[in-house]
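Let me begin by presenting the structure, written as structure tokens, before commenting on it.
The values are calculated or read from the model by the stated rules, or taken from the named source; none is laboratory data. No experiment lies behind these values; they were computed from the predicted model shown. Ideal geometry is used to build each Cβ from the backbone, glycine not excepted, and the neighbour counts take in all protein chains shown. What goes into the accessible areas is simple: the full protein's heavy atoms, side chains included, and nothing from ligands, DNA or RNA. Shrake-Rupley method; radii C 1.70, N 1.55, O 1.52, S 1.80 Å.
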Amino acid sequence: LQKQQIENLRQQRVVNLGRIQANPLHSDQLQLDNKDIDAQIAKDQQILVQYQTLPPVLPPLFLRIARAYSLDGSLWESAVVYREILRRYPHSPESEAALYGSIVIFDQLKQTERAQGLCQSYLTQYPKGKYADSVGFLRGALAYDAQDFDKAITYFEDSLKNQPTNPRREQTEIIVGDIKLQQQKFDEAIACYQKYEKDFPGGRLLDKAEYRSALALLFAGKADEAERAINAYLQKHPHGDYAADAEYRLEVIKFAAKQYDQVLADCLVWQAKYGRAGPLAEVLSLMGDCYESEDRHEEAVKAYISSYKAPQTTEVLNYSIMAAAKILQKQAKWADIAAMFQEFIKNNPDHPTVVTAIFWIGRADIKLGKVEEGKQFMAATAKKYLDDPSREAVDEIITQLAQLYAHKHLAPAAPSAIPAPAPAVASNSGSAPAPVVA
């Protein structure tokens, strides 16, 4: 536009010169006009030179567009714009921000492999870049979320080695210990936690490191050492974030020592002290285990039912509700089993355990003589969840149905009549009679 404006002014000047030459006596105003045109051309040329030295307009504009899409929740659109910046302007100052933005977007989209590949590209191109610390941590976090623990440790340890001032170093050291704990490398986990305590003696995650060290001892089967470590933690952090769990773990140690009455008494004290501010479901489940170990089946069932109704992980819920079902099954209380699982489904309609609950309800109906009702109930469930690979209980339902129909349609036939044995034929020689042939 600026070049076109300059060209237009030059053409006007040429026209004025022609008119001046045609009529020189009356050209004063035209000469003044040309002087103004010359001044405007000089000004416009200066503006043009200044504009040509400015950085490109489109890369920062594209960057704003990508961020706007991201804030609006249009993640794929944002990824496309970031890619365009990297494709069109690979050497622009905005390229680094576009690469980092792509990593964040693909992380949010759960495109783990893409995000990890971009992390590697970023750290190769910008090892000391503006976002290098964040990318170094994110690369390990992506592998951790994908449960690729060996890669996660490699990436986190690389971050600790090459980014000593990373603001997430404190968190990274704890995560490495947690991964070792999950891998059941208990001695290595303890070493990681102790390193954290040494590197960050006043760190905000110090109580976590101390408590996880105690848990590692417990999971390694070193009950005596674990008990001392847990008690030391409670003495140092009586109101710490892990105090409720710590006291629960002490009861687990007592349970292993078969101190059932003591555990039951302590669990009641624990409930009065912490209520729902801790692992209540696990405590109630432990009480159920104690009652069952003492053959107090009714009390065990009540404890297990209370456990699965408390806030809990799926694993604890499944353990408690199945433990209650097995006790009721031994007692042939099928109506109670059906009622328990029906209440569970009513209160947790979208829970992963719903299919298992339906299997138990159908089984209970059959035991109660409602065979056709039970079969229809289970068949409808199997059809509904057949394409969902996460619903493993569908296999049990199909197996149960197959057995029911096999009993009905493939019952063994009545045995055929056995022909009477043929009479013995006497020998003319007076020898023993010939044996009867079946």
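Worth pointing out:
- Summary value for the chain: 4 percent relative contact order, contacts being C-alpha pairs under 8 angstrom separated by 6+ residues.
- For the chain, the Cβ-based charge dipole about the Cα centre amounts to some 900 debye (Lys, Arg positive; Asp, Glu negative; other atoms uncharged).
- Within the shell defined by Cβ-Cβ distances under 10 Å, the residues around D207 carry a net charge of +2, with Lys and Arg each +1 and Asp and Glu each -1.
- Here the peptides 263-274, 286-297 are ranked by packing, the mean other Cβ count within 10 Å, and the order with the highest first is 286-297, 263-274.
- Each of the peptides 307-319, 338-350 was scored by the mean count of other Cβ atoms within 10 Å over its residues; in descending order, highest first, they stand as 307-319, 338-350.
- Area of I366 that stays accessible when all protein chains are in place (1.4 Å probe, Å², to 10): 30
- Dipole in debye (nearest 20) - segment 97-200, about Cα centre, beta carbon charges: Lys, Arg +1; Asp, Glu -1: 340
- Each peptide in 220-229, 189-198 was scored by the mean count of other Cβ atoms within 10 Å over its residues; highest first, the order is 189-198, 220-229.
- For the chain, the fraction of 1.4 Å probe accessible surface lying on carbon and sulfur atoms is 54 percent.
- Residues of segment 1-121: accessible area per residue with a 1.4 Å probe, Å²: 68
- When the helices of the chain are scored as -39500 (n - 2.57) per DSSP H run of n ≥ 4 and the total is divided over every residue, the value at 222 nm lands at -24000 deg cm²/dmol.
- Per residue accessible area of segment 139-221, 1.4 Å probe, in Å²: 50
- Values [x] 16, 29, 26, 12, 10, 5, 1, 1, 0; [y] 25, 61, 14, 0; [z] 24, 55, 21, 0 are given for comparison; P(r) over Cα pairs in 20 Å bins from 0, in percent, derived from the coordinates here, is the one labelled [x].
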